[in-house]
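Below is one structure, written out as structure tokens; the observations come after it.
Bear in mind these aren't lab numbers, they're just calculated from the coordinates by the rules spelled out. Keep in mind that what you see is a predicted model, and the values were worked out from it rather than measured. Here the Cβ positions follow ideal geometry from the backbone for every residue, glycine too, while neighbour counts run over all protein chains shown.
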Amino acid sequence: MSLKEQLQTAVLDFDENKVKSICKTSLDNKQATAVELLRMIGDVMKQVGDRFEKEEIFLPELIAAANTVKVTIDELLDPIIRESGVKKETKGVVVLGTVEGDIHSIGKDLVGSFLFANGFEVHNLGVDVAPEMFLEKAEEFGATIIGMSALLSISMDIQRKFIELLKREGKRDKFKVVVGGAPTSEDWAKNIGADGWADDAIGAVKLCLGLVS
Ligand code: B12
């Protein structure tokens, strides 16, 4: 069984300890890096999402799978990635959050970890973040880029509202705004006047590097 298959089995068994031990062993054996493991976990969660959509698993299982993954990311992988990024020169300051009314965090956290690993200073505001809070924190931290994640069709409109808020306040040129999340698209980003869109964490890094270069 490949490493990714082992992870998928452990996630679908909701076996938090197994997920952690697989990751720990492969890190110790130098079989995979923390960044590679994060990518695999992202892929596994996408597969879990597909199974949910096909009604092969249901909401309680989805929550269990999400929690299993989150603990491993928070306690094992993210600290390693943060440590490796400590000495890197800051490429730019990113304020990142999931928009108001939306509590999906996994994809946004992956984006944050990848940006951090690639030299950005990342301020993760968490989930259910109101437009006013994005602006307040962006000003407080001196953000170059504001990243907004939305996983619900009804919450993605907050991305548009935020850009309108920036315009109303005369601050649209002060920040680059990048958006993402499953229901969003390149067209959506263009329509709302965002500075960019990416469909995964690797794309988000390329996008943000492009915006600061
Ligand atoms: C896990 C999950 C949950 C977990 C979230 C746990 C957590 N801590 O995050 C739980 C169980 C709590 C949950 C709850 C709900 N969920 Co849910 N959930 C999912 C699921 C299965 C996977 C999401 C995920 O983690 N994907 C894996 C990550 C790695 O991918 P990602 O999030 O897309 O992120 C990547 C990219 O989008 C991009 N990206 C993400 N953010 C950003 C930001 C920027 C700036 C950039 C550049 C890129 C970027 O990079 C990421 C990394 O590669 C999706 C199904 C799916 N296929 O997406 C449904 C889904 C998003 N959920 C859905 C729904 C309806 C709900 C609930 C309303 C269910 C309910 N009836 O209560 C609630 C919402 C509550 C709320 N107010 O938010 C729907 C949304 C439908 C829609 N279009 O509106 C989906 C699509 C499932 C479905 N088909 O019905 N959910």
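Observations, loosely collected:
- Look at Ser149, Ser105, Ser2 and count the other Cβ atoms within 10 Å of each Cβ; fewest to most, that gives Ser2, Ser105, Ser149.
- Residues Glu56 and Glu186, FRET efficiency given R0 of 25 Å [Cβ-Cβ distance, rounded to 0.05]: 0.25
- In the stretch 147-211, taking the dipole from charged Cβ atoms about the Cα centre, the farthest positive-side position among Ser155, Leu165, Ala201 is held by Leu165.
- For the chain, taking Cα atoms only, Rg and Dmax work out to 17.3, 55 Å respectively.
- Within the chain: Cβ-based charge dipole about Cα centre, in debye rounded to nearest 20 (Lys, Arg +1; Asp, Glu -1): 680 debye
- P(r) tail fraction, the stretch 1-118 - alpha-carbon pairs more than 26 Å apart, %: 21 percent
- Label-to-label distance for Val71 and Lys174 is 4.2 nm, based on points extended 7 Å past Cα in the beta-carbon direction.
- Environment charge of Phe58, counting only residues whose C-beta is closer than 15 Å and scoring Lys/Arg +1, Asp/Glu -1: -3
- Remark: the Gln47-Glu136 segment gains 28.4 nm on full extension, using 0.36 nm per residue and subtracting the alpha carbon distance.
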